[in-house]
Structures are given as structure tokens and as C-alpha cells.
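Working notes for the structure below.
The values are calculated or read from the model by the stated rules, or taken from the named source; none is laboratory data. Computed from a predicted structure; not experimentally measured. Methodologically, a virtual Cβ is constructed for each residue, glycine included, from the backbone with ideal geometry; neighbour enumeration extends over all protein chains shown.
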Amino acid sequence: MLLTLARFADKLLRKKEPKDDATGSGLAPGVTATQYLISNGLKAVAKDDLSLARITVQCGLQALNLGYVGASDIIPRMLDVVGKYGQGVEAEFLENSKKTPAWLFLRWIS
């Protein structure tokens with residue numbers, strides 16, 4: 001369940017990222033209908049991109065800590081999210097990664 005939630009939040013974040021191919025449909029320049037709907041949906045539940053980023057990192061690391069199969073595949077994206085959203089999720093990552101076995105990150109060190 002945690003891994004599913006992490007992937008879902010990440011999917012919403014990815015869909016909200018700016019696209020070069022956004023077509024004009026009466027929306028702000030560069031905004032797709034999907035981005036508009038996601039933004040409004042998040043506003044309706046008093047959430048934002050930073051909340052989704054925190055959920056992605058928190059649930060992804062908790063899934064790793066609980067030993068979910070395939071959870072390590074989300075590590076590169078969590079690192080990308082931490083890079084994009086900076087201090088807003090950095091503390092969340094640091095706090096939850098303390099409980100994560102270091103060997104899980106070895107696969108992603110280059």
C-alpha cells in the first residue's frame with residue numbers, strides 16, 4: 001500500500017511538470033488540461049506539489065524499510081524529487097532514510 005501511494009503521488013508530480021507540447025485550450029500558456037485538473041484537485045483538498053513530494057519520499061522510504069519487493073526501484077526518483085523540491089522534502093528524506101539499510105542505496109551509487 002505504501003509503495004502504491006508513493007508511486008501514485010509521484011505520478012501526479014510527473015504529470016504536473018511543465019511540458020513543451022502543452023496546447024492552448026483556454027488555459028494559461030504551457031498548461032495542459034491534465035495539469036490544470038490536478039492543480040485544482042490538490043487545491044480542493046488543501047494540498048500542493050510539496051505535499052505530493054513529501055508523500056512520495058515518506059511512503060517510498062517506509063516501503064523500503066518494510067521490505068516491499070521492488071521498492072528500491074523508486075530510489076532514483078526519490079532522489080530526483082529531493083533535488084527538485086529541496087529543503088521542503090530534504091528533512092523528510094534524511095529523517096526516514098536513517099531507518100533504511102544503507103545497502104539498499106548501493107545499487108544507485110555511480
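Are any residues in the stretch 53-73 hydroxyl-bearing (Ser, Thr, Tyr), in a helix (DSSP H, G or I) and touching a residue at least 40 places away in the same chain (Cβ under 8 Å), and if so, which ones? Across the stretch 53-73, the qualifying residue is only THR56. Evaluated against (1) at pLDDT 90 or above; (2) within 16 Å of the chain's Cα centre (by Cα); (3) surrounded by 14 or more Cβ atoms within 10 Å (Cβ to Cβ), ILE38 falls short on exactly one condition, (1). If you go through the stretch 1-32 and keep only what is surrounded by 12 or more Cβ atoms within 10 Å (Cβ to Cβ) and either in a loop (DSSP other than H, G, I, E, B) or modelled with pLDDT under 65 (or both), you end up with LYS19, ALA22, LEU27, GLY30, VAL31, THR32.
Okay, residues lined up against (1) closer than 20 Å to LEU12 by Cα; (2) in a helix (DSSP H, G or I); (3) in contact with a His (Cβ under 6 Å, 6 or more places away or on another chain); (4) at pLDDT 90 or above:
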| residue | (1), (2), (3), (4) |
| --- | --- |
| LYS43 | yes, yes, no, no |
| ILE75 | yes, yes, no, yes |
| MET78 | yes, yes, no, yes |
| VAL89 | yes, yes, no, yes |
| GLU95 | no, yes, no, yes |
| TRP108 | no, no, no, no |
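Criterion applied to VAL81, VAL57, VAL45 was being touching an Asp or Glu at 6+ places or on another chain (Cβ under 6 Å), over 16 Å from ARG107 (Cα atoms) and of a type in the set (A, V, I, L, M), and the one residue passing it is VAL57.
Here the stretch 45-72 is the region considered, the condition is being more than 16 Å from ASN96 (Cα to Cα) and β-branched (Val, Ile, Thr), and the residue that is modelled with the highest pLDDT is VAL69. Please work out if ASP73 is more than 16 Å from LEU5 (Cβ to Cβ), surrounded by 11 or more Cβ atoms within 10 Å (Cβ to Cβ) and of a type outside the set (Ser, Thr, Tyr). The answer is no for ASP73.
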